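Please read through the structure below; I'll follow up with questions.
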Amino acid sequence: MFNIDPDQLLEETPDRVVRAMAMAVHSLVTAEVRRDRVAARAARLHLGEVMARMSAFGEMIGAGQMLEQAAQLMGAQRFAADRSKLVAFSAEEYFDVVPMEEAADDLVARTPETLKNAAERTAQRIAQLYSAGPNIAFVRAATETVTMQAQDYIQRAIREGMTAGQAGAGLAAAVNAVEDNTINWSWSYAKMAFRTNLNTAVTAGRFRQAQEPVIKAIIPAFRFDAVGDVDTRDNHRAADGIILRTDSVEWRKISPPLGYNCRCTIVAMTRSMLQRDNRLREDGSVIESKVPVGAFPDPGFRHGGRPDLAGVRA
């Protein structure tokens, strides 16, 4: 039920969540080019609200994945067989209207009794984090990127023979031209931001739920999993297969995503899986990997460390 990835979710819901992001980004680009401070402020607030809700649902998906796997290992009843409305981003009335607190209650209600306390603590924490307001870190980063794009747009106008004053006045008047010429960039940026931030949020949810003692007892470690195809970056590939305790400080250096559009994930390692791979000592402690020198975040990427500790900020 919770076994989905950002790319799959993007393919399933391109006409809703990504459109909401793209339109907010596009409004911000247009306002920045036209130097409309009132419109720019409104666009930033809207973009932050969209990102906060997307990140909250992403964290709940990650937490749900950990709870579902733990329930199976404990022999507890399975989660509800139907596809949870928690991850049904295509249900517009749910994503746009249902409060975070109700979404948190929905996650807890689907959890077996043996895990309800752990689920409730995590779900409430996620709801508290994202009900407070917009995703400020994302909005700040997005504003910087959009401002650079707006400046580039203005510079192109100047290179075409207009003075800075003429470009500013002309672009302010030519609303339709600005919108037409920046819409493709806005969509491209929104898709990248969606993939990157959803991956960050799902990873944060997994880490957050994994710190609960009842979960940690049966899932004590994570394995870094890189896709390994031709598009996998070398520094991401170098981290593939790393196994660390779920509470290891090393995850602050190497937790995915390691860059924009990163598809890397963390995989829950149960005690039986660790035993099979000879990664448990006689006392039951995890034999951890040494992080290779070549494994690190992409240059220029704002890697905030373990996302549940740093806040979701990609």
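Using θ = phi - 60° and the Karplus curve 6.51 cos²θ - 1.76 cosθ + 1.60, what whole-Hz ³J(HN,Hα) does each residue of segment 107-120 get, with Gly and Pro shown as x?
Couplings: 4, 5, 4, 8, 9, x, 3, 5, 10, 4, 4, 5, 5, 5 Hz.
Can you give the local net charge around ILE287? Use residues other than it whose beta-carbon is closer than 15 angstrom to its beta-carbon, Lys and Arg +1, Asp and Glu -1.
Values: positive: ARG223, ARG245, ARG271, ARG276, ARG279, ARG281, LYS290; negative: GLU250, ASP277, GLU282, ASP283, GLU288.
Net of charged neighbours comes to +2.
Can you check what the net charge comes to around ALA118, using other residues whose Cβ is under 14 Å from the Cβ of ALA118 (Lys, Arg +1; Asp, Glu -1)? Don't skip to the answer; put the middle values down first.
Values: positive: ARG110, LYS116, ARG121, ARG125, ARG206, ARG208, LYS216; negative: GLU68, GLU113, GLU120, GLU212.
After counting each charged neighbour, the total is +3.
Then there is this: Taking the Cβ of ASP152 as the centre, find all other residues whose Cβ is under 12 Å away and add up their charges (Lys, Arg: +1; Asp, Glu: -1).
On the way: positive: ARG156, ARG159; negative: GLU32.
That works out to +1.
May I ask for the percentage of alpha-carbon pairs in segment 220-306 that lie more than 15 Å from each other?
On the way: 2069 of 3741 pairs.
Above the 15 Å cut-off, segment 220-306 has 55 percent of its Cα pairs.
While we're looking at this one, here's another question. HN-Hα J couplings of segment 48-55 from phi, Karplus 6.51/-1.76/1.60, θ = phi - 60°, integer Hz, Gly and Pro as x?
Computed from phi, the couplings for segment 48-55 are x, 5, 4, 5, 5, 5, 4, 5 Hz.
Counting only residues 5 or more places away or on other chains, whose amide H sits under 5 Å from the amide H of MET269 once H atoms are built in the peptide plane?
ALA221, PHE222, ARG223
All of the numbers you see were taken from the coordinates with simple rules; none came from a lab. Bear in mind that the values here come from a model prediction, so they are computed numbers and not experimental data. As a convention, Cβ positions derive from the backbone with ideal geometry for all residues, glycine included, and neighbour counts pool all protein chains shown.
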